Amino acid sequence: MAPPQSVFLRLLLLLLPVLAAAFAIPSPASPAQDKPPSDAAADKFLQACCAACASTTDAAVCYDSLLPHASSFEGNVVKVAGAATVIAYARLRSFDHELRSFLHGGSGSGAGVVGAVKSCVKYYPDVLYREDDTLAMLRRLETAAGRREEKAKSNLHTVNSYIGEIYDFTDMCMDGFVSSGAGVLASPVGKMMLAGNATVYLYGGIALDLVASIKL
């Protein structure tokens, strides 16, 4: 039997289509026709990589967010996963900064709202602390030699665990926020929290899907 979904996950399922539409940009209907051969090949490779996200997150958002870097991937799935991981951590860092700015700004929000935001902010430094190690392990896995190392499987497992923390802590944050009451959730800060966490969750999921597609 599948585990029960958290309150946040149920809300996220409703919000993801909106986020996908918000972050998507129009893509050329025929990349091979509109781009030089080398660019068309890079585009096709990126689309194939992002297909790994189709069943769990959003392949279109994956493609659109990584398209500016497509020419640098050189047919290397690990480089794609690395770029997605950079984006996921950047989204988390930006949201963490937004919440801390709210707390430092003396917004006049009630104690319940402030307390709920504080309970979320305390989780994020632990996740961001892993960023440098995560990216360093991915860089090692970019090379054939790195993928042959004895610790390659261990590194890949660790990367998967560290990126998974973006999921875990985001879920914990929003479950705590939702449990603070309908009034907190319906407040402007509550709406900001829901949208911000869903965005972080989306990009973290894309990175996690791409890491899962790495073959050693």
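The values are calculated or read from the model by the stated rules, or taken from the named source; none is laboratory data. None of the values given here were measured: they were computed from a predicted structure. We place every Cβ from the backbone using ideal geometry, glycine too, and count neighbours over all the protein chains shown.
Consider Ala152 carefully, then state whether it is surrounded by 15 or more Cβ atoms within 10 Å (Cβ to Cβ) and more than 17 Å from Asp209 (Cα to Cα). So Ala152 fits the description; yes. If I ask for residues that are part of a helix (DSSP H, G or I), surrounded by fewer than 20 Cβ atoms within 10 Å (Cβ to Cβ) and over 16 Å from the mean Cα position of the chain (by Cα), which ones from segment 160-188 would you list? Selection gives Asp175, Gly176, Ala182, Gly183, Ala186, Pro188. Of the residues that make up segment 105-121, is at least one hydroxyl-bearing (Ser, Thr, Tyr), free of Cβ contacts under 8 Å to residues at least 60 places away in the same chain and surrounded by 14 or more Cβ atoms within 10 Å (Cβ to Cβ)? Checked segment 105-121: at least one residue is hydroxyl-bearing (Ser, Thr, Tyr), free of Cβ contacts under 8 Å to residues at least 60 places away in the same chain and surrounded by 14 or more Cβ atoms within 10 Å (Cβ to Cβ). Pairing residues of segment 124-141 that are within 15 Å of Ala88 (Cβ to Cβ) with residues that are among the hydroxyl-bearing types (Ser, Thr, Tyr) and surrounded by 13 or more Cβ atoms within 10 Å (Cβ to Cβ), at Cβ distances under 6 Å and at least 6 apart in sequence or on separate chains, gives Arg130/Tyr162; Glu131/Tyr89; Thr134/Tyr162. Which of the residues belonging to segment 153-188 are free of Cβ contacts under 8 Å to residues at least 40 places away in the same chain and either of a type in the set (Lys, Arg) or closer than 18 Å to Tyr203 by Cβ (or both)? Matches in segment 153-188: Ser161, Tyr162, Glu165, Asp168. For Glu150, the conditions (1) without any contact (Cβ under 8 Å) to a residue 24 or more places away in the chain; (2) over 17 Å from Glu131 (Cβ atoms); (3) in a helix (DSSP H, G or I) all hold with the exception of (3). Leu66 meets the stated requirement of being surrounded by 12 or more Cβ atoms within 10 Å (Cβ to Cβ), within 22 Å of the chain's Cα centre (by Cα) and modelled with pLDDT of 55 or more.
When the test is whether a residue is among the hydrophobic types (A, V, I, L, M, F, W, C), in a helix (DSSP H, G or I) and farther than 26 Å from Ser119 by Cα, Leu156 passes it.
Conditions tested, residue by residue: (1) in contact with a Leu (Cβ under 6 Å, 6 or more places away or on another chain); (2) more than 20 Å from His69 (Cβ to Cβ); (3) among the aromatic types (Phe, Trp, Tyr).
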{"position": "Thr85", "(1), (2), (3)": "no, no, no"}
{"position": "Arg91", "(1), (2), (3)": "no, no, no"}
{"position": "Val121", "(1), (2), (3)": "yes, yes, no"}
{"position": "Pro125", "(1), (2), (3)": "no, yes, no"}
{"position": "Leu135", "(1), (2), (3)": "no, no, no"}
{"position": "Arg139", "(1), (2), (3)": "no, no, no"}
{"position": "Ala145", "(1), (2), (3)": "no, yes, no"}
{"position": "Lys151", "(1), (2), (3)": "no, yes, no"}
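The criterion of being without any contact (Cβ under 8 Å) to a residue 24 or more places away in the chain and either in a helix (DSSP H, G or I) or β-branched (Val, Ile, Thr) (or both) does not hold for Asp209. Only one entry of Tyr162, Tyr167 meets the criterion of being at pLDDT below 85 and under 29 Å from Ala51 (Cα atoms), and that entry is Tyr167. Just one of the numbered conditions (1) outside any helix (DSSP H, G or I); (2) under 27 Å from Gly112 (Cβ atoms) is not true of Lys215: (2).
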